[in-house]
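Undergrad: Let me begin by handing over the structure; questions about it come next.
The values are calculated or read from the model by the stated rules, or taken from the named source; none is laboratory data. Remember, it's a predicted structure, so these values are computed and weren't measured experimentally. A quick note on method: Cβ atoms are made from the backbone with ideal geometry, for glycine too, and the neighbour counts reach across all protein chains shown.
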Amino acid sequence: MPEKREIKIVADGVELNRAAADEFGRCARAAVATHGRFCVALAGGSTPRGVYSLLAQDEADAKGHPSEHLPWDNIHVFFGDERHVPPEDPESNYRMARESLLSLVPIPSGNVYRIAAELEAQAAALQYEDQLRQFFQARLNEWPRFDLILLGMGPDGHTASLFPESPALKENSRMVAANWVEKFKSYRITFTFPVLNHAAAVIFLVAGESKSRILQAVLQGAENAAYPCQKIQPAEGRLLWIVDKDAAKLLA
Ligand code: 6PG
């Protein structure tokens, strides 16, 4: 395991949201200060929704206090993965982020890079990879370096849409993969490990007792257990797990 891995255990979901929103703000301000923009990839699923809502609430509360606003004009939002559904589908990660955050803050619409998951899965993956290459001016064999990637963890140890035994686990040349997920009998579009592991910072958000067993296995079990989460080891980046007490109850 990377020695630089940090684990922050917080009391509950409210504290998790606060801790994650504060980390988001710190990363955003630091990135804009050092290189003029903050490039972040959002996580999907249900856990991050509370974080996004709190970021939107912080923006509303900052009215009249210019120093408290995040630099939305220089924030560029991507998605670490997407279900193979149109953007208005209730399952869409983009829809969740739009409803809980992006429609509530003054981020320019051109700064939000949605995965076109209404397309055929492989076409959506190729198109998103092109968007990444263009945005990051990444040539072949170069990888985009996100300032921050938010991730969740599923009960099977998956993250983004890198599920155990799924084909994209072996993908080391593409940035974005159309990944067939057998248990859902559907495709997902997902960042691949090289993109995730080139980030300057990766923050996992994990809450709830239902994740306690898998969290112990991922963080303290056999390192070769082959849980996709265990393969997230940013080579030159920070790895932070923000977990609530219920999820952390089995950790030594
Ligand atoms: C998704 C996410 C996925 C999620 C985990 C945890 O598209 O669903 O990318 O990796 O983060 O499944 O989901 P919860 O936060 O809902 O437990």
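Undergrad: Do we have GLU142 as within 16 Å of the ligand (Cβ to nearest atom) and either crowded, with 22+ Cβ neighbours inside 10 Å or part of a loop (DSSP other than H, G, I, E, B) (or both) here?
TA: no
Undergrad: Return yes when LEU42 is under 22 Å from ARG18 (Cβ atoms), more than 15 Å from the ligand (Cβ to nearest atom) and in contact (Cβ under 8 Å) with a residue 12 or more places away in the chain and no when it is not.
TA: No.
Undergrad: So for the range 206-223 (the condition being closer than 14 Å to LYS4 by Cβ, among the aliphatic types (A, V, I, L, M) and either within 12 Å of the ligand (Cβ to nearest atom) or within 17 Å of the chain's Cα centre (by Cα) (or both)), does at least one residue qualify?
TA: Scanning the range 206-223 turns up no residue that is closer than 14 Å to LYS4 by Cβ, among the aliphatic types (A, V, I, L, M) and either within 12 Å of the ligand (Cβ to nearest atom) or within 17 Å of the chain's Cα centre (by Cα) (or both).
Undergrad: Could you pull out every one of the strands (runs of 3 or more DSSP E) wholly within the range 150-252 that has 3 or more residues that are in contact with a helix residue (DSSP H, G or I) (Cβ under 9 Å, 6 or more places away or on another chain) and over 21 Å from PHE24 (Cβ atoms)?
TA: 176-181, 186-191
Undergrad: Okay, moving on. Which numbered condition in (1) modelled with pLDDT under 95; (2) surrounded by 15 or more Cβ atoms within 10 Å (Cβ to Cβ) is the only one that ALA43 fails?
TA: In the conditions (1) modelled with pLDDT under 95; (2) surrounded by 15 or more Cβ atoms within 10 Å (Cβ to Cβ), ALA43 misses (1) alone.
Undergrad: Give the range 104-127 a look and list any residue that's within 16 Å of the ligand (Cβ to nearest atom) and assigned to a helix (DSSP H, G or I), or say none.
TA: If the condition is that a residue be within 16 Å of the ligand (Cβ to nearest atom) and assigned to a helix (DSSP H, G or I), then ALA121, ALA124, ALA125 are the ones that fit.
Undergrad: Same structure, new question: Can we say LEU132 is crowded, with 18+ Cβ neighbours inside 10 Å, within 14 Å of the ligand (Cβ to nearest atom) and either without any contact (Cβ under 8 Å) to a residue 12 or more places away in the chain or not in a loop (DSSP other than H, G, I, E, B) (or both)?
TA: Spelling it out, it is not the case that LEU132 is crowded, with 18+ Cβ neighbours inside 10 Å, within 14 Å of the ligand (Cβ to nearest atom) and either without any contact (Cβ under 8 Å) to a residue 12 or more places away in the chain or not in a loop (DSSP other than H, G, I, E, B) (or both).
Undergrad: Answer yes or no: is there a residue in the range 168-182 that is among the hydroxyl-bearing types (Ser, Thr, Tyr), crowded, with 21+ Cβ neighbours inside 10 Å and at pLDDT 95 or above.
TA: no
Undergrad: Follow-up question, since we're still on this one. Taking interchain pairs and intrachain pairs at least six residues apart, which have beta carbon atoms under 8 angstrom, with the first residue in the range 139-154 and charged (D, E, K, R) and the second outside any loop (DSSP other than H, G, I, E, B) and within 16 Å of the ligand (Cβ to nearest atom)?
TA: ASP147/VAL40
Undergrad: Something else now. So which residues in the range 55-103 are within 12 Å of the ligand (Cβ to nearest atom) and in a strand (DSSP E or B), if there are any at all?
TA: Answer for the range 55-103, where residues must be within 12 Å of the ligand (Cβ to nearest atom) and in a strand (DSSP E or B): PHE79, ASP81, GLU82, ARG83.
Undergrad: Conditions first: (1) touching a helix residue (DSSP H, G or I) at 6+ places or on another chain (Cβ under 6 Å); (2) among the basic types (Lys, Arg); (3) surrounded by 19 or more Cβ atoms within 10 Å (Cβ to Cβ). ARG37 passes all but one, so which condition is the exception?
TA: Of (1) touching a helix residue (DSSP H, G or I) at 6+ places or on another chain (Cβ under 6 Å); (2) among the basic types (Lys, Arg); (3) surrounded by 19 or more Cβ atoms within 10 Å (Cβ to Cβ), only one is false for ARG37: (3).
Undergrad: Taking the range 146-167 as the search range and keeping residues that are surrounded by fewer than 24 Cβ atoms within 10 Å (Cβ to Cβ) and at positive phi, which one is nearest to the ligand (Cβ to nearest atom)?
TA: GLY157
Undergrad: So for the range 177-191 (the condition being within 15 Å of the ligand (Cβ to nearest atom), in contact with a Pro (Cβ under 7 Å, 6 or more places away or on another chain) and among the aliphatic types (A, V, I, L, M)), does at least one residue qualify?
TA: No, every residue in the range 177-191 fails to be within 15 Å of the ligand (Cβ to nearest atom), in contact with a Pro (Cβ under 7 Å, 6 or more places away or on another chain) and among the aliphatic types (A, V, I, L, M).
Undergrad: Let me ask you something else. Can you pull out the residues in the range 218-252 that are small (Gly, Ala, Ser) and surrounded by 15 or more Cβ atoms within 10 Å (Cβ to Cβ)?
TA: Of everything in the range 218-252, those that are small (Gly, Ala, Ser) and surrounded by 15 or more Cβ atoms within 10 Å (Cβ to Cβ) turn out to be GLY221, GLY237, ALA247, ALA248.
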